[in-house]
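Structure first, then comments.
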Amino acid sequence: MLVIKLLIAASAMLCSAGEVPELEEVYRSGDDGSVLPSLEQLRHQYRNTEFEVEPRPDLTGLSGMWKRSENPVNGDLETYLRCQGSATDAKTRQKWALQAAQALKALHAIDIIHQDVTPRNYLLNENLDLRICDFAHSSFPGHSSTTGASGSRYQLCAWNKGYIPTASDDIFSLGSVLYFIMCGEEPYSDLYEDEVEHRFASSDFPASDHLDCGTVIQSCWNRTFTTAEEVIQALPHDKDVT
């Protein structure tokens, strides 16, 4: 039986005296694939959650989730690139692309669908390493979405009530994150949301062949890639990227 231990911490802004209350839950997945209720049941009580995953031998080397011990001194990826994009070199962008995919691999390996994979939900530490954060919309596989959290530029189509997101939805969103990393703009940044939604639903995506990782981006969008591991294998690797 697989045991996943999640430490769920409320944001300090919700607390008094600088104390951050913690709620510890153990989720068990049986041999029949059954899972205890998803994180949705806790959302009414906890916001801005962050997770620490109990070490597992089979997940050694997987990283990318924000740790409470880290300091997000460089803010979120979206703000950083909008302000510092001209000073960000290709090697750093390639590192971020790989780390963004590695973070999703770590999440999906413990059966968590993020559902809000966007540049604003990746934070940068003092070493400019990328970490995923904000699990307010996350759930386990098989649970319906309460909202189309990521927006039209990060979804193939609108998530209607009852839609059940999958890991491949996160991978589609990752394609848009990679696009933003490489060019500093969201897909179809000059178009209104409803027009973007229409184009994406028609599989009409922005050209990316002029960008580093352009083929990988298209493979995320057109569902050629449906797992984070496929993305990782297709991305450039550097010995200093972890």
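Determine whether LYS95 is buried (at least 17 other Cβ atoms within 10 Å of the Cβ), basic (Lys, Arg) and within 12 Å of the chain's Cα centre (by Cα). Answer is no for this residue.
Restricting attention to the range 75-116, the residues that are in a helix (DSSP H, G or I), among the charged types (D, E, K, R) and closer than 15 Å to THR226 by Cα add up to 1. Cβ separations smaller than 7 Å between residues 6+ apart or across chains give the following pairs from the range 116-137 residues that are closer than 27 Å to ILE164 by Cα to residues that are part of a loop (DSSP other than H, G, I, E, B) and among the aliphatic types (A, V, I, L, M): ASP116/ALA149; HIS137/ALA149. Of all residues in the range 125-135, exactly one satisfies the criterion of being closer than 13 Å to ILE113 by Cβ and either assigned to a loop (DSSP other than H, G, I, E, B) or aromatic (Phe, Trp, Tyr) (or both), namely PHE135.
Checked against (1) among the basic types (Lys, Arg); (2) touching a helix residue (DSSP H, G or I) at 6+ places or on another chain (Cβ under 6 Å); (3) within 22 Å of PHE225 (Cα to Cα), ARG120 passes all but a single condition, namely (3).
Of all residues in the range 117-144, exactly one satisfies the criterion of being surrounded by fewer than 21 Cβ atoms within 10 Å (Cβ to Cβ), polar (S, T, N, Q) and farther than 27 Å from ARG93 by Cβ, namely SER144.
Within the range 215-242, if we keep just the residues that are in contact with a Ser or Thr (Cβ under 9 Å, 6 or more places away or on another chain) and of a type in the set (A, V, I, L, M, F, W, C), the residue that is surrounded by the fewest Cβ atoms within 10 Å (Cβ to Cβ) turns out to be ALA234.
For ASP170, the requirement of being surrounded by 23 or more Cβ atoms within 10 Å (Cβ to Cβ), at pLDDT 95 or above and out of contact with any Phe, Trp or Tyr (no Cβ under 9 Å at 6 or more places or on another chain) is met.
When you look at ASP240, is it acidic (Asp, Glu) and at pLDDT 95 or above, yes or no? So ASP240 does not fit the description; no. Of ASP212, ASP194, all but one fail to be touching a Pro at 6+ places or on another chain (Cβ under 9 Å), of a type in the set (Asp, Glu) and surrounded by fewer than 20 Cβ atoms within 10 Å (Cβ to Cβ); the exception is ASP212.
Within the range 154-165, is even one residue under 29 Å from ASN127 (Cβ atoms), crowded, with 20+ Cβ neighbours inside 10 Å and under 17 Å from the mean Cα position of the chain (by Cα)? Within the range 154-165, one or more residues are under 29 Å from ASN127 (Cβ atoms), crowded, with 20+ Cβ neighbours inside 10 Å and under 17 Å from the mean Cα position of the chain (by Cα).
The values are calculated or read from the model by the stated rules, or taken from the named source; none is laboratory data. This is a predicted model, so every value here is computed, not measured. All Cβ positions, even for glycine, are placed from backbone atoms using ideal geometry, and neighbour counts span all protein chains on display.
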